[in-house]
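Below is one structure, written out as structure tokens; comments come after it.
The values are calculated or read from the model by the stated rules, or taken from the named source; none is laboratory data. Source: prediction; values computed, not measured. Glycine also receives a Cβ, built like all others from the backbone with ideal geometry; neighbour counts cover every protein chain displayed. Accessible surface is based on the protein model in full, side chains and every heavy atom, while ligands, DNA and RNA are left aside. Shrake-Rupley method; radii C 1.70, N 1.55, O 1.52, S 1.80 Å.
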Amino acid sequence: LGGWRKGSKARARASLPMEGRASTFKKVLADFESRLHGAEFVAIDTELTGVDLAGEPDTFEESAQMRLDRNCRIAERYTLIQVGLTIVSRTGEASEGHLSFASYNIFAFPYMGPELLGHEPGFFCQASALHFNAQHRVDFNKWISEGVPYMSREDERRYLNPSQSNGKAEKQIGLLLLWKALCAARLPFVVHCPLDLFFLLAAFERRPLPRNDPQALAMMIRQCTPKVYDTAHLHGALGQFKRLGLVKFFEDARARYEELKGSGNGLDRIPQLEFKLLGETAVRYSKQHDELAHEAGFDSLLTAQLFAYLRAIAPARVKEGANRLFLYRSVECLDLDRAVQSGHVGSSVFDLTRVTLLVAAVDPLDGNEAARLISVAGSQYKWMDATHILVVLRASGGAAVRKAAELAAKVHGVVSWMGFDEWRAAQVACAGTSLRAQEYANGSTISEGGEGEQEESADGASAASSTGSGFSAANGYSIAPAGCTHSNADGNDS
């Protein structure tokens with residue numbers, strides 16, 4: 001892998017264990033802390049007892065604030081099984097592309113003890129998530145019987161006596177010691193999708209999370225790390241890749257790096273990467289195979305190396321992507337810097353001064369060629385659901401109106417074209433109508449302009465303003481009215 005060199009087996013045998021269990025945690029913690037000084041960043045991955053909420057699929061009409069709320073509720077409902085961490089450092093005085101990787105795979109299980117005063121921790125398990133982990137050889141007996149105990153900072157303050165012996169306290173808070181050391185090191189975190197970060201905050205900081213106060217949540221994250229890089233967000237920011245899954249994205253990024261390195265001017269633009277795995281990381285992870293996929297330690301290593309490739313390929317884009325977290329099925333991201341400054345967490349992933357977002361409603365019977373024709377006409381697209389396509393028009397203002405009319409003339413099988421904000425506002429209004437109808441059918445009513453309705457409208461308006469296309473009937477282009485739709489089908493990137 002990009003100049004991957006194995007550490008010596010003799011050194012690996014003498015090294016401290018990389019798998020964290022209650023019986024090995026003291027040694028793992030000491031080794032982990034010894035590698036933090038001088039490190040460049042830490043990549044993180046988790047394996048979980050659940051990853052979504054029944055009846056709440058991600059949809060394009062939702063705002064970033066709604067997604068933030070859901071991510072927090074998921075992290076509060078389920079719990080950690082494994083925490084994977086990879087510490088990345090430069091090797092000696094070598095150039096920036098010569099990197100060493102030390103990975104850790106730690107089983108984590110909530111602390112149980114009389115100090116909790118009857119507040120025994122509990123969590124939900126999602127059948128599909130447990131089945132997924134079982135398919136990838138997660139040892140549930142090891143997780144429950146040997147997992148490293150942990151509690152949050154909040155619970156430590158609430159339940160533990162500060163005067164008790166350090167040894168006893170260390171056994172009670174367990175993995176929280178590693179989290180404190182990591183946060184104190186002030187290293188950038190690298191994740192692949194933001195859910196890992198939210199689970200760590202719920203496990204080690206506080207529960208419930210301040211989901212209704214984006215500024216407080218962003219400040220909490222800032223206290224743990226100066227920057228977060230989300231490789232899933234960078235996937236879209238770089239715009240050179242199609243496959244988003246971690247392993248496939250890693251393979252594509254490595255291939256792109258090798259392509260640039262092999263080109264005539266590639267070495268003038270990108271650093272020469274060389275990866276060295278340290279100690280037991282080399283023994284366990286030097287050869288990729290299917291059995292390692294979705295072990296948290298291995299996935300954290302892939303995330304670390306993926307980030308190294310992306311940083312080499314497009315350093316400016318990666319730098320700009322700091323503190324922006326990916327949202328699936330959305331035109332927005334979670335913007336932590338904006339949340340700290342203004343309390344608003346959503347930002348468009350598109351430069352809306354240069355592009356306009358349209359929604360094409362496709363005829364189910366006559367729209368098979370619509371996506372291809374949009375691409376041939378020079379526009380990017382993404383399927384939103386089975387009958388709607390998000391179109392990125394490379395123009396704004398009056399030029400966008402003209403280009404939209406030209407595109408509509410070239411693309412057959414489209415029932416209507418709308419600005420994205422108008423489409424999303426229609427979906428929000430439609431959801432409100434459906435809610436009122438259901439309430440009426442159940443024998444209850446909602447007062448006109450009631451508090452709940454105002455909150456929903458305000459949220460929808462905020463979402464619209466953050467992604468405003470400036471494309472509406474008022475600027476001279478006819479937009480057909482949108483019906484209520486539900487985004488349930490998986491989208492495909494062009």
### Query
How many nm is it between the label spots at GLN341 and GLN223, if each spot is 7 Å from the Cα in line with the beta carbon?
2.3
### Extension gain from ARG207 to ASP351, taking 0.36 nm per residue of separation minus the Cα-Cα distance
48.3 nm
### Query
Got a sec to turn the phi values of region 229-246 into Karplus ³J(HN,Hα) couplings, 6.51 cos²θ - 1.76 cosθ + 1.60 with θ = phi - 60°, whole Hz, x for Gly and Pro?
10, 10, 5, 5, 5, 5, 3, x, 5, 7, x, 10, 10, 10, 8, 9, x, 4
### Query
How large, in percent, is the carbon and sulfur part of the accessible surface of region 317-433 at a probe radius of 1.4 Å?
52
### Query
So who's got an amide H within less than 5 Å of the one on VAL362, skipping anything under 5 residues away but keeping other chains? H placed 1.01 Å off N, in plane.
HIS388, ILE389, VAL415
### Message
Taking 28 Å as the cut-off for C-alpha to C-alpha distance, list the pairs among LYS248/LYS382; LYS242/LYS287; LYS276/LYS382; LYS27/LYS319 that go past it.
### Response
LYS276/LYS382; LYS27/LYS319
### Query
Working out 0.36 nm times the residue gap between ARG77 and MET112, then minus their Cα-Cα distance, what length gain in nm do you get to one decimal?
10.8 nm
#### Entry: Per-residue HN-Hα couplings for region 322-329 [Karplus 6.51, -1.76, 1.60; θ = phi - 60°; Hz; x = Gly/Pro]
4, 6, 10, 10, 5, 10, 6, 6
### Task
For region 74-84, just list the computed ³J(HN,Hα) in residue order, Karplus coefficients 6.51, -1.76 and 1.60, θ = phi - 60°, integers in Hz, with x standing in for Gly and Pro.
5, 5, 7, 7, 9, 8, 6, 10, 10, 10, x
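Evaluate E = 1/(1 + (r/R0)^6) for TYR159 and ALA441, where r is the Cβ-Cβ distance and R0 equals 45 Å; express this FRET efficiency to the nearest 0.05.
Efficiency at R0 = 45 Å is approximately 0.45.
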### Message
With every protein chain kept in place and ligands, DNA and RNA left out, what is the accessible area per residue of region 308-372? Probe 1.4 Å, answer in Å².
### Response
44
### Query
Between ILE81 and residues 5 or more places away or on another chain, which pairs have amide H atoms under 5 Å apart, with H built 1.01 Å from N, and which residues are they?
GLU47, LEU48, THR49
### Message
Starting from the 7 Å offset along Cα-to-Cβ, what nm value, one decimal, do you get for the label separation of ALA216 and ASP363?
### Response
5.3
### Message
Taking only Cα atoms of region 136-264, what ratio of Rg to Rh do you get with Rh as the Kirkwood inverse-distance radius?
### Response
1.08
### Query
Which order do TRP383, TRP143 take by accessible area at a 1.4 Å probe, largest first?
TRP383, TRP143
### Task
Using 0.36 nm per residue of separation minus the Cα-Cα distance, give me the extension gain between LYS410 and SER375 in nm, one decimal.
11.5 nm
### Task
May I ask which residue of THR79, GLY50, PHE60 lies farthest towards the positive end of the charge dipole of region 45-88, with charges of +1 (Lys, Arg) and -1 (Asp, Glu) on Cβ and the Cα centre as origin?
THR79
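Quick check: at a probe of 1.4 Å, how many percent of the accessible area of region 118-199 sits on carbon and sulfur atoms?
52
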### Task
Give the accessible surface of region 90-139 per residue, rounded to a whole number of Å², with probe radius 1.4 Å and ligands, DNA and RNA excluded.
55
### Summary
Residues whose modelled amide H sits under 5 Å from the amide H of PHE41, counting only those 5 or more places away in sequence or on another chain, are VAL88
### Message
As I understand it, the dipole of region 285-385 uses +1 on the Cβ of Lys and Arg and -1 on the Cβ of Asp and Glu, about the Cα centre. Which of ALA312, TYR328, ALA361 lies farthest toward its positive end?
### Response
ALA312
#### Entry: Inter-label distance for ALA255 and LYS319, nm, one decimal - labels placed 7 Å from Cα along Cα-to-Cβ
3.0
